[in-house]
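Note sheet for the following structure.
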Amino acid sequence: MEDREKEREVLYWLSKISVLGAVSIRKIREHFGTLEAFYEQLENLFEGNFYSVGDFNNIEEKSTKRTEKVFLEQECPFLTQRQIQAIFSHRPNYEACRKELGELGEKGMRFVIWVDEEYPERLREIYDYPMGLFVRGKLPDSGCPSVAVVGARGCTEYGEQLAKGFARALAENGVQIISGLAAGIDGAAHRGALEAKMPTFGVLGCGVNICYPSEHFRIYEEMGRSGGILSEFGPDTPPRAANFPMRNRIISGLADAIVVVEARAKSGSLITADLGMEQGREIFALPGRVTDHLSEGCNHLIQQGAHLAVSPEDVLEYLGVKYRKKLIIHEKNVNGLAKKEKLVYSCLDFKPKHLDQIAAQTGLGISDCMGILLELELGGYVFRSANHYYGKKSDMWENG
């Protein structure tokens, strides 16, 4: 049985080697059985000081099997020469890494690995799952529904309000909101969840001790208290451009569904959506004007088969989550309605129905229905759209 803490130590050490990705590290573990066994094998090569760490230029001249080349060919054929050299060169840093790992807790961070109980179950389902995650705060609850809300950094005010409204309504129904803390849509989604006083989770393309962008520091702090900040990149890792496409697979991997709000034809949001499709996640896109560049990505997704989302209920229906907001808003007041008013109200939904359909379902006359619907509208229970369509009222867009 593997020693979990030893696995954590070796994984932390390996995570500091930039040329090793999640899949390479996983292959090392699968090949050797445990990461500890890999490290022990590596240590065995250095017993007796057969060669020094800096003497790699002459490895072809070595007569001993204990060389980089032999280790590559016989022990790790799935790694490149560059990766082997990086591992060998990084070996002297092992003790320093152990010390860093032990000090994470003092800095408000922890390193969660794939065998820990709190490691997100959804991530284990994806091919290139991160073997370890650096975390501030909590990780998403695997037993609760999760939705990723992503979109353009340079979004419109309209898109920002939609993202915040969707996230707030979803969060109020117990849905965990996942995003990337980026400017624009990501930040709006996090704010919406925080307004609902529900946890939200940000996946960073830098170390979890770095707030990027800096203008989101208040959101970053609130998320760390009520939700969580996570990254596969170690503390102090700067926000490099290459890191963000990598982190997108974690955003999609943590979610049951992905909602795209405003995206250009070529954007990181579409990368997240594509990764989500590969991972078997449901994709929702908010439609926009065909002449709007920020709608090109969403409209393209819809053309390709993504769900068209015009309200949070579209997403909740897929998740099978009961829209609790109507109960929170109206339950007490509905009990005080007259019998006929309750009858009319009970046959309504958030998607508007025509007056004729309401009358047919209730068995009431058109004029009676119109009078009752007017009373319900004045009381704030229903809304009326054009051509005598009525629906249950939700205040999800108020104060948006």
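The values are calculated or read from the model by the stated rules, or taken from the named source; none is laboratory data. What you see is a predicted model, and the numbers here were worked out from it, not measured in a lab. Glycine gets a Cβ as well: all are built from the backbone with ideal geometry, and neighbour counts include every protein chain shown. Quick note on the areas: whole protein, heavy atoms, side chains included, nothing else; ligands and nucleic acids left out. Shrake-Rupley method; radii C 1.70, N 1.55, O 1.52, S 1.80 Å.
The number of residues in region 265-287 that are over 20 Å from GLY253 (Cβ atoms) and in contact (Cβ under 8 Å) with a residue 60 or more places away in the chain comes to 1.
Against the definition (over 30 Å from SER146 (Cβ atoms) and loosely packed, with under 13 Cβ neighbours inside 10 Å), how does GLU75 come out, yes or no? Spell out the reasoning first.
Numbers: over 30 Å from SER146 (Cβ atoms): yes; loosely packed, with under 13 Cβ neighbours inside 10 Å: no.
No; evaluated as a whole, the condition is false for this residue.
Looking across region 246-268, the residues that are modelled with pLDDT of 90 or more, more than 21 Å from TRP114 (Cβ to Cβ) and outside any loop (DSSP other than H, G, I, E, B) come down to ALA257, ILE258, VAL259, VAL260, VAL261. Checked against the criterion of being crowded, with 22+ Cβ neighbours inside 10 Å and part of a strand (DSSP E or B), region 231-244 contains one or more residues that satisfy it. When the residues of region 323-367 are filtered to those that are in contact with a helix residue (DSSP H, G or I) (Cβ under 8 Å, 6 or more places away or on another chain), at pLDDT below 75 and basic (Lys, Arg), which remaining residue is least open to solvent (accessible area, probe 1.4 Å)? For region 323-367, the residue satisfying everything is LYS325. Looking at region 123-130, can you tell me whether even one residue there is surrounded by 15 or more Cβ atoms within 10 Å (Cβ to Cβ), touching a residue at least 60 places away in the same chain (Cβ under 8 Å) and of a type in the set (Asp, Glu)? Within region 123-130, one or more residues are surrounded by 15 or more Cβ atoms within 10 Å (Cβ to Cβ), touching a residue at least 60 places away in the same chain (Cβ under 8 Å) and of a type in the set (Asp, Glu).
Of all residues in region 24-36, which are surrounded by 14 or more Cβ atoms within 10 Å (Cβ to Cβ), more than 17 Å from HIS90 (Cα to Cα) and not basic (Lys, Arg)? Listed by number, the residues that qualify are HIS31, PHE32, THR34.
Quick check on ASP256: is it under 27 Å from GLN304 (Cβ atoms), touching a His at 6+ places or on another chain (Cβ under 9 Å) and charged (D, E, K, R)? For ASP256, the condition - under 27 Å from GLN304 (Cβ atoms), touching a His at 6+ places or on another chain (Cβ under 9 Å) and charged (D, E, K, R) - is not met.
Contact annotation: residue pairs with Cβ atoms under 8 Å, 6 or more positions apart or on different chains, pairing a residue in region 214-232 that is farther than 15 Å from ALA182 by Cβ and in contact (Cβ under 8 Å) with a residue 12 or more places away in the chain with a partner that is surrounded by 20 or more Cβ atoms within 10 Å (Cβ to Cβ) and among the basic types (Lys, Arg), are GLY224/ARG136; GLY228/ARG136; GLU232/ARG247. Just so you know, in region 100-117 the residues that are free of Cβ contacts under 8 Å to residues at least 60 places away in the same chain and open to solvent by 80 Å² or more (accessible area, probe 1.4 Å) include one that is nearest to the chain's Cα centre (by Cα), and it is GLU117. Of all residues in region 269-305, exactly one satisfies the criterion of being assigned to a strand (DSSP E or B) and open to solvent by 40 Å² or more (accessible area, probe 1.4 Å), namely GLU282.
Where strands (runs of 3 or more DSSP E) fall entirely within region 108-221, those with at least 2 residues that are farther than 27 Å from LEU301 by Cα are at 110-113, 132-137. Each residue in region 199-209 was checked for being open to solvent by 10 Å² or more (accessible area, probe 1.4 Å) and more than 15 Å from the chain's Cα centre (by Cα), and 1 pass. Does any residue of region 84-99 turn out to be in a helix (DSSP H, G or I), without any contact (Cβ under 8 Å) to a residue 24 or more places away in the chain and open to solvent by less than 10 Å² (accessible area, probe 1.4 Å)? Yes, some residue in region 84-99 is in a helix (DSSP H, G or I), without any contact (Cβ under 8 Å) to a residue 24 or more places away in the chain and open to solvent by less than 10 Å² (accessible area, probe 1.4 Å). If you go through region 205-235 and pick out every residue that is more than 18 Å from GLY192 (Cβ to Cβ) and acidic (Asp, Glu), you end up with 1.
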